[in-house]
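These notes concern the structure reproduced below.
The values are calculated or read from the model by the stated rules, or taken from the named source; none is laboratory data. Computed from a predicted structure; not experimentally measured. Neighbour counts are summed over all protein chains in view; Cβ atoms, including those assigned to glycine, are modelled from backbone coordinates with ideal geometry. These accessible areas exclude ligands, DNA and RNA; they are computed on the full protein's heavy atoms, side chains included. Shrake-Rupley method; radii C 1.70, N 1.55, O 1.52, S 1.80 Å.
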Amino acid sequence: MKGIAINIIAVILALLFMFPLIWMLIVSLKPDGVNVSGLSDWVNLSDLHLHNYTKVIKDSQILRWTWNSAVIGVLTTLISLIFSSLAAFSFSKLPFKSRGLFYLVIVSGLLIPTEAILIPLYETTLHLKLIDNMWAIILPGLTNPIGILLLKQFMDGVPKDYIEAAQIDGCRNFGLWYRICLPLTRSAMFSVGIFYFILSWNNFLWPYLSITSQENMILSAGLPTFLSNNTMSLNLIMAASAIAAIPTILVFAVLQRQIVQGVAMSGIKG
């Protein structure tokens, strides 16, 4: 009976969390001006159509914005994972002078708000002639210290015996990172990678300032522009929001096992 009660509670909680998504989907499929405040309006599925989605795609560049966001998100994630894992490996397994000081400096970057560096960041980007270029978004996104902090904690759990045995066999530092630490922290890499992707996907302020043309905008910056011109049409707003939410939902659906493993692991026990 206890297991059944837990399952019932879990289903109820799942439905509560899914309620906003279900409401967004139903409203996006309803004709403009139809009331959707009552449950009877939800049950009536006879008037559902895809006209709102076709109108959003036709009247905006949302597909281009989605593609730009996906490309920038993937590149930012892959490059950030390489840099973060290399830095985490260095701080975790390689003894060098002032290691603690450098690590403290990097972690202290978490205390600096994005708004505080916008002016020097814009001036640097302007000097490098990267304004209205996707690399203006990618390059600043590679400096997030949270990935280094998380990956270092996982690499601290890699048994020293593995490292010492590989060094006796003649494995150099790059081999220790690539052959030992990366395979043993794969779950953490997936979790940090998903975090990087979502962070890049939801990034708004800097892309809004650094991208000036409609065709080069990402979804988080271009979507508010479209929504501001259609504030009176709730159905179009929900349709556009549904299109924007699909990629992140797919990421979580496909990689949910890796997310759970990465959160559940606190290190590797030797």
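A few notes on this one:
- Search result, residues across the stretch 151-164 that are of a type outside the set (K, R), farther than 19 Å from Y103 by Cα and either open to solvent by 50 Å² or more (accessible area, probe 1.4 Å) or touching a His at 6+ places or on another chain (Cβ under 9 Å) (or both): D161, Y162, E164
- Cβ pairs under 8 Å, 6+ apart, first in the stretch 111-136 and exposed (fewer than 12 other Cβ atoms within 10 Å of the Cβ), second aliphatic (A, V, I, L, M): T114/L205; E115/L205
- Residue in the stretch 182-199 that is touching a helix residue (DSSP H, G or I) at 6+ places or on another chain (Cβ under 6 Å), closer than 26 Å to A253 by Cα and open to solvent by 60 Å² or more (accessible area, probe 1.4 Å) present: yes
- Whichever residue in the stretch 137-149 is assigned to a helix (DSSP H, G or I) and closer than 15 Å to A88 by Cβ and, among such residues, is most open to solvent (accessible area, probe 1.4 Å): T143
- Options L234, L176; residue that is on the phi < 0 side of the Ramachandran plot, out of contact with any strand residue (DSSP E or B) (no Cβ under 6 Å at 6 or more places or on another chain) and surrounded by 18 or more Cβ atoms within 10 Å (Cβ to Cβ): L176
- Within this structure, P247 fails the test of being closer than 30 Å to T114 by Cα, in contact with a helix residue (DSSP H, G or I) (Cβ under 9 Å, 6 or more places away or on another chain) and modelled with pLDDT of 85 or more.
- Looking only at the stretch 150-174, residues that are out of contact with any Ser or Thr (no Cβ under 8 Å at 6 or more places or on another chain) and either of a type in the set (V, I, T) or at pLDDT 90 or above (or both) come to 2 in all.
- Some residue of the stretch 44-55 being part of a helix (DSSP H, G or I), of a type in the set (V, I, T), touching a residue at least 12 places away in the same chain (Cβ under 8 Å) and over 26 Å from L142 (Cβ atoms): no
- Of the criteria (1) closer than 18 Å to P145 by Cα; (2) surrounded by 15 or more Cβ atoms within 10 Å (Cβ to Cβ), which one M217 fails: (1)
- Of all residues in the stretch 70-85, none satisfies being modelled with pLDDT of 85 or more, crowded, with 16+ Cβ neighbours inside 10 Å, among the polar types (S, T, N, Q) and touching an Asp or Glu at 6+ places or on another chain (Cβ under 9 Å).
- Sub-6 Å Cβ pairs linking a first residue in the stretch 25-38 that is over 16 Å from Y53 (Cβ atoms) to a second residue that is part of a helix (DSSP H, G or I) and modelled with pLDDT of 80 or more, at least 6 apart or interchain, are V36/V27, ordered by first then second residue.
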